[in-house]
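Report on the following structure.
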């Protein structure tokens, strides 16, 4: 095997942009949708995208999803331990 | 009268509460109409306002039973699908599960699809040349001694296993006898390998029972000489102006590391592998694409929004959950909802044992006990501050 170069998963066409939200943005998000943090969809801490970002359990990830109907929109997932 | 500039239109459109694709379309249309009719600023504003109003009217009402609508919208076309098709458009040599069995496979989130396939795209250097594409295909294609053999015999007298190798196939695989011998020697310490022309002789080091020789022969035959594990035949097909490799079998993690492969576009139809390598969001996209493609293959069109909802529900917890009693339904919070679906008694017994309470928030449990269902107008609750004592004047 040749030298293993680590492949950046965010370059793949199937992977949308991921970003960690700051504490203020997290508050703002929960206020905007009037939800508790446990009501967010989840993402495992072992998920390759989370590992690549270096997010910790408790962080909220903002995902910029491409959509055939809306162009793009934002989706949020709470990082949880597996 | 001053004409409205494109920049002003852009700014006004940007401020509107609309999704990105609608904004873009609105902007283009406004610019076009502005050229033709010389709109005033107030007119532009009025158009935008009207668009926002139309958009909001088109939104799904709160309380709409979107899950039921999605289920029916996918379910009805499914009745028109062929029950069993095994073919692949263009590549006749590779079988692919299509139609209803494939949809069931995706929705059930099977660990391994019945016909795993990878679509391998190539990088700039290897994309346009058939020879170079073949070179990459050889690196991926799994080859065993069995694939190369023309004839094999077990010589009981001399206690040997003899394999006659087809020189043509050997060359096609990019191997030679010496490489084969070295590879096998590295993997099987308990046997000796001898090469004589295009004949390979395998001799166990210790004389043992005949059944041992047979077992060894079987192992040697199946041993992978090159390529990726789990991958079998590969087929090269020209798509547009580039060559694409299709593989029977899938090993997504390894194939991305193969030199000559474009790792940004290569994909597999095994959704679990995608989730493992690229994450849950990529898996969601893969589920949507797989379902849409399978439907389209059958000449059916389902609105993507329904499929997006299915994919969202399946990936809600960060792992791919199947739709059914082991997945989405089995995870429901309400005992009655779970019991109403499948294995009724077991759910009721377990709930009784744990002393579960059911707050009756969902749809199914309210249907079950004959209450108004929290859907549509039923979702609205009335709260009222009654005066404790009626006031009298």
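Throughout, read-outs are computed from the coordinates displayed, never taken from laboratory work. In this text, all values refer to a predicted model and were calculated from it rather than measured experimentally. With ideal geometry, Cβ positions are generated from the backbone for all residues, glycine too; neighbour counts draw on all protein chains shown.
Here are some notes:
- Label point 7 Å beyond Cα of residue B:194 along Cβ direction - residues of the stretch B:145-173 with amide nitrogen under 13 Å: B:155, B:158-163
- Its alpha carbons give the stretch B:109-256 an Rg and a Dmax of 17.9, 58 Å.
- Nearest 10 degrees, 0 to 90: helix A:23-33 Cα axis against chain A principal axis: 60
- Directionally averaged shadow of the stretch B:159-211, computed from the convex hull of its alpha-carbon atoms, nm²: 3.9
- Here, the stretch B:256-324 has an Rg and a Dmax of 13.3, 41 Å when only alpha carbons are counted.
- If R0 equals 45 Å, the separation of the Cβ atoms of residue B:25 and residue B:383 corresponds to a calculated FRET efficiency of about 0.65.
- Least to most buried among A:12, B:306 (fewest other Cβ within 10 Å first): B:306, A:12
- Taking 1.567 mPa s as the viscosity and 4 °C as the temperature, the Stokes-Einstein diffusion coefficient of the stretch B:236-393 based on its alpha-carbon Kirkwood radius rounds to 64 µm²/s.
- Least to most buried among B:94, B:245 (fewest other Cβ within 10 Å first): B:94, B:245
- Comparing B:340, B:282, B:383 in a Gaussian network model of chain B where C-alpha atoms under 10 Å apart are linked, the largest mean-square fluctuation is found at B:383.
- Per residue, the average separation of C-alpha pairs within less than 8 Å and at least 6 apart gives chain B a relative contact order of 17 percent.
- Averaged over A:48-57, number of beta-carbon atoms from partner chains that fall within 10 Å: 2
- Packing around the peptides B:61-67, B:224-230, taken as the average count of other Cβ atoms within 10 Å per residue, puts them in this order, highest first: B:224-230, B:61-67.
- Taking every alpha-carbon pair under 8 Å whose residues sit at least 6 apart, the stretch B:257-303 reaches a relative contact order of 21 percent.
- Computed over the protein assembly as shown, the P(r) curve from all C-alpha pair distances, binned at 10 Å from the origin, holds 3, 14, 19, 21, 18, 12, 7, 4, 2, 1, 0, 0 percent per bin.
- Result for chain B in a Gaussian network model with C-alpha springs under 10 Å: among B:169, B:138, B:127, the largest mean-square fluctuation is at B:169.
- For the stretch B:333-365 versus the stretch B:253-283, the gap between their alpha-carbon centres in whole angstrom: 39
- Number of partner chain Cβ atoms within 10 Å, mean per residue of B:268-281: 5
- Cα convex hull of chain B - mean projected area over all directions, nm²: 36.8
- Exposure proxy order (Cβ contacts within 10 Å, fewest to most) of B:18, B:360: B:360, B:18
- Alpha-carbon centroids, the stretch B:153-224 and the stretch A:31-82: separation in whole Å: 53
- Principal axis box of the stretch B:347-393, alpha-carbon based, largest edge first, Å: 58, 27, 13
- Gained length - residue B:158 relative to residue B:185, 0.36 nm times residue gap less alpha-carbon distance: 7.7 nm
- When chain A is treated as a Gaussian network with alpha carbon springs shorter than 10 Å, the biggest mean-square fluctuation among A:57, A:68, A:48 belongs to A:68.
- Mean residue ellipticity, 222 nm, helices only, chain B: the sum of -39500 (n - 2.57) across DSSP H runs of n ≥ 4, divided by residue count and rounded to 500, is -13500 deg cm²/dmol.
- Based on every Cα atom in the stretch B:1-151, Rg and the maximum pairwise Cα distance Dmax equal 27.1, 91 Å.
- Rounded, prolate or oblate (a/c below 1.5 giving rounded, otherwise prolate when a/b exceeds b/c) for chain A by Cα gyration tensor: oblate
- Peptide B:254-264 shows a mean partner chain C-beta count of 3 within 10 Å per residue C-beta.
- Between the stretch B:228-249 and the stretch B:28-62, the alpha-carbon center distance in angstrom: 48
- Modelled spin labels at residue B:178 and residue B:300, positioned 7 Å past Cα toward Cβ, are 5.8 nm from each other.
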